[in-house]
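Trainee: I'd like to ask some things about the structure below.
No value in this document is a laboratory result; all are computed from the given coordinates. Not measured: the values here are computed from a predicted model. Here Cβ is always computed from backbone atoms with ideal geometry, including for glycine, and neighbour counts include all displayed protein chains.
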Amino acid sequence: MRRRVLAALCAVLAAGCARDPAPFEPGLQTAAIAGESSEPRNRARIRTELGTLYYSVGNYAVALEEARRAVQADPSYALAYSLLGAVYMELRETQLAQQNFERALRLAPGDPEINHRYGWFLCQTGRELESVRFFQQAIRNPLYPTPWRSSAAAGVCVLRKGMLKEAEDYFVAALNQDPDDLVSLHNLAEIRYRKGELEEARKLIGRFNRLVEPTAESLWLALRIERRLGERTAEAAFANQLRRRFPASREYQLLQRGEYD
């Protein structure tokens, strides 16, 4: 699917692609890129979609070039500036990221994806509390297809400021919309553990570990939950997994030192 989409995008644009990125399933159908590619807005849209694919697999150089070409094709296309902002954020060009996000918001202040991206930029640049307003703007948009992403992101950002109750509310809201949201499952499990709600914490981190390959962090949390519950067999099983899978991890070092909390 990924290769067909990239090939189709490049064919429509009559331009080659720099390289084939790592395996990725973009969820973009080739039917969505059909049409008159000579029309400026359509060319900008196609360039932005192609750039977004490359951005998603970490090829920021190509993503940046495609976003720039999108802006050249149609200087009023807000999503192209949003992509520029996201790429510059990854490149740690904070001022350029800020400028492009602001331009995108001026052009489309209600766009949920732009608000989400800008909110995450603010969160990543030490403005966690300021970011919440933009996540909420995205969440309120009834046409936003993935509002749980913004709820989970808001939860992460307020948790960084020690706002446990607010973070908990955001993670619960995200899981009400998508019970498999991994960010919310892991973070809410950690919060429940801190609050002593061990059975609920166990369910949440157990679901996380079933949905994806366990991480060192998720195994460590599961181990500590079982330890507090007095389930020594389960605790030992998680300890063995941690040792086998992540022997160089910080979590395994904590286990060896007996530093559980």
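Trainee: Specify the angular offset, from 0 to 90 degrees and rounded to the nearest 10, of the alpha carbon long axis of helix 164-177 from the longest principal axis of the alpha carbons in the chain.
Mentor: The answer is roughly 60 degrees.
Trainee: Under a crude label model (7 Å from the Cα following the beta-carbon direction), how far is Glu102 from Gln177 in nanometres?
Mentor: Label at Glu102, label at Gln177, 2.8 nm between them.
Trainee: Could you rank the peptides 139-145, 41-47, 176-182 by their average count of other C-beta atoms within 10 Å per residue, with the highest value first?
Mentor: Per-residue mean Cβ counts within 10 Å order the peptides as 41-47, 176-182, 139-145.
Trainee: At q = 0.12, 0.16 Å⁻¹, what log₁₀ I(q)/I(0) does a Debye calculation on the Cα points of the chain give, no solvent, two decimals?
Mentor: For the chain, the Cα-only Debye profile gives -0.84, -1.18.
Trainee: Using the Cα centre of the range 179-261 as the reference point, and only Cβ charges (+1 on K/R, -1 on D/E), how large is the resulting charge dipole? Debye, rounded to the nearest 20.
Mentor: 240
Trainee: For Leu129 and Glu199 in one chain, what is 0.36 nm times their gap in residues minus the Cα-Cα distance, to one decimal in nm?
Mentor: Extending this stretch completely gives an extra 22.1 nm.
Trainee: In deg cm²/dmol and to the nearest 500, what is the mean residue ellipticity at 222 nm of the chain if only DSSP H runs of at least 4 residues count, each as -39500 (n - 2.57), divided by the residue total?
Mentor: Value at 222 nm, helices only: -23000 deg cm²/dmol.
Trainee: Moving on. Mind checking the angle between helix 147-160 and the chain's longest principal axis? C-alpha axes, 0 to 90 degrees, to the nearest 10.
Mentor: Relative to the chain, helix 147-160 is tipped by roughly 60 degrees.
Trainee: Compute the long axis of helix 112-124 from its Cα atoms, compare it with the longest principal axis of the Cα atoms of the chain, and write down the angle in degrees, 0 to 90, nearest 10.
Mentor: So the helix axis and the longest Cα principal axis differ by about 60 degrees.
Trainee: Rounded to the nearest 20 debye, what is the charge dipole size of the chain about its Cα centre when +1 sits on each Lys and Arg Cβ and -1 on each Asp and Glu Cβ?
Mentor: 340
Trainee: Highest first, please rank the peptides 231-237, 147-153 by the mean number of other Cβ atoms sitting within 10 Å of their residues.
Mentor: Packing order, densest peptide first, comes out as 147-153, 231-237.
Trainee: State to the nearest 20 debye the size of the charge dipole of the range 105-227 about its Cα centre, where the only charges are +1 on K and R beta carbons and -1 on D and E beta carbons.
Mentor: 240
Trainee: Let me ask you something else. What is the projected area of the convex hull of the Cα atoms of the range 179-261, averaged over all directions, in nm²?
Mentor: 4.9
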